[in-house]
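Colleague: Below you'll find the structure I mean.
Since every read-out is calculated from the coordinates, none of them should be taken as a lab result. In this text the structure is predicted, and so the values were computed from the model without any measurement. Cβ placement follows ideal geometry from the backbone for every residue including glycine, while neighbour counts extend to all protein chains displayed.
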Ligand SMILES: [Zn+2]
């Protein structure tokens with residue numbers, strides 16, 4: 001795989017931001033569908049308004065239902081929120097470990113990546129992530 005390591009242009013950052021926001025919407029849509037499939041009719045209209053974790057917490061559903069639905073997607077949501085935070089703070093695109101630029105090819109596939117491929121593989125090998 002080609003590796004393009006360089007600072008991102010404004011345009012590229014905008015593109016990744018859009019991808020991140022779209023993916024976040026998708027995940028919340030999945031969460032809504034999943035919640036709906038697990039709860040009774042009376043909650044369905046309330047679930048339509050769910051946009052973030054706070055809304056879910058206010059749903060007054062059984063905790064185990066919420067946890068079950070959130071668990072699988074929580075990590076990805078956190079990663080996306082972290083990436084969006086890094087965009088706002090001009091830190092987006094740099095590896096958290098070696099501080100080199102994460103290659104563009106990798107960001108295209110996983111715009112929420114915080115490590116370059118080399119660091120990720122090494123950290124995984126060491127069992128740190
Ligand atoms: Zn790195």
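Colleague: For residue 105 and residue 125, compute 0.36 nm times the residue count separating them, minus their Cα-Cα distance, and round to one decimal in nm.
Modeller: Gain in length upon complete extension: 5.0 nm.
Colleague: Let me have the relative contact order for the chain, percent, based on Cα pairs under 8 Å that are six or more residues apart.
Modeller: The value is 32 percent.
Colleague: Could you let me know the centre-to-centre spacing of the stretch 12-42 and the stretch 105-129, using Cα atoms, in angstrom?
Modeller: The distance from the Cα centre of the stretch 12-42 to that of the stretch 105-129 comes to 23 Å.
Colleague: Highest first, please rank the peptides 53-62, 27-36 by the mean number of other Cβ atoms sitting within 10 Å of their residues.
Modeller: Top of the packing list down: 27-36, 53-62.
Colleague: While we're here: Would you mind getting me the FRET efficiency between residue 40 and residue 85? Use the beta-carbon distance for r and R0 = 25 Å, nearest 0.05.
Modeller: E(calc), rounded to 0.05, equals 0.10.
Colleague: I'm checking a number: the convex hull volume of the Cα atoms of the chain, normalised per residue, in Å³. What is it?
Modeller: Enclosed volume per residue, from the Cα hull, is 123 Å³.
Colleague: A follow-up question, please. How large is the helix-only mean residue ellipticity at 222 nm for the chain, computed as the sum of -39500 (n - 2.57) over DSSP H runs with n ≥ 4, divided by its residue count, in deg cm²/dmol to the nearest 500?
Modeller: That comes out to -19500 deg cm²/dmol.
Colleague: Please give the residues of the stretch 75-90, grouped as numeric ranges, whose backbone N is less than 15 Å from a label point set 7 Å along the Cα-to-Cβ vector of residue 29.
Modeller: Residues passing the 15 Å test: none.
Colleague: By how many nm would the segment from residue 97 to residue 67 grow when fully extended, if each residue of separation counts as 0.36 nm and the alpha-carbon distance is taken off?
Modeller: 7.7 nm
Colleague: On a full-extension model of 0.36 nm per residue, what is the gain between residue 2 and residue 78, subtracting their alpha-carbon distance, rounded to one decimal in nm?
Modeller: Using 0.36 nm per residue and subtracting the Cα-Cα distance, I get 24.5 nm.
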